Amino acid sequence: VKLLMSGCRAIVEPNCSIHDQTPVAYALFQIYKKRYLARYLQECGVQIWADLNVSPHYEEYNRLGIPDGYNAFFTRGVSGWLETTERHYDMARRISGMDRPNIIVYGGGSDVRSWCEKHDVVHVHEYINKGQGK
């Protein structure tokens, strides 16, 4: 309710952590939970950016609930793991059916930022760990 009352117009769907060692049943529950919340907020008029940031083991499961043609995606960039960013970009391309999908990459270092610039992808600098020695 606080989110709806805030007047926000768009959000990234909640990231419910899913790792390689997460049991399949629990991973599916986590995916269902974030898609359920996202769908509810869409019905209330909030635009949703689909979260693609899950363990590589669950990337295809994470596609569940995102309709073909959808074109608003978000993922986390991690320096040294550009292959993950590239897989998420390719997933967004497959779902949206577009060569240049609407995707935002949050975080990562200069390698992620350079990749985003090369692919004309919006990159948002990470501020969460600033000043914490990370």
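The values are calculated or read from the model by the stated rules, or taken from the named source; none is laboratory data. Not measured: the values here are computed from a predicted model. Neighbour counts are summed over all protein chains in view; Cβ atoms, including those assigned to glycine, are modelled from backbone coordinates with ideal geometry. Side chains included, ligands, DNA and RNA excluded: accessible areas come from the protein's heavy atoms. Shrake-Rupley method; radii C 1.70, N 1.55, O 1.52, S 1.80 Å.
Candidates in the stretch 47-88 are the residues that are touching a Lys or Arg at 6+ places or on another chain (Cβ under 7 Å) and either of a type in the set (Lys, Arg) or surrounded by 15 or more Cβ atoms within 10 Å (Cβ to Cβ) (or both); of these, the one that is farthest from TYR127 (Cα to Cα) is GLY65.
For first residues located in the stretch 1-21 and of a type in the set (S, T, N, Q), partners that are modelled with pLDDT of 90 or more and part of a loop (DSSP other than H, G, I, E, B) and lie 6+ apart or on another chain with Cβ distances below 8 Å form the pairs ASN15/ASN53. Of all residues in the stretch 9-38, those being of a type in the set (A, V, I, L, M), farther than 14 Å from GLU59 by Cβ and open to solvent by 20 Å² or more (accessible area, probe 1.4 Å) number 5.
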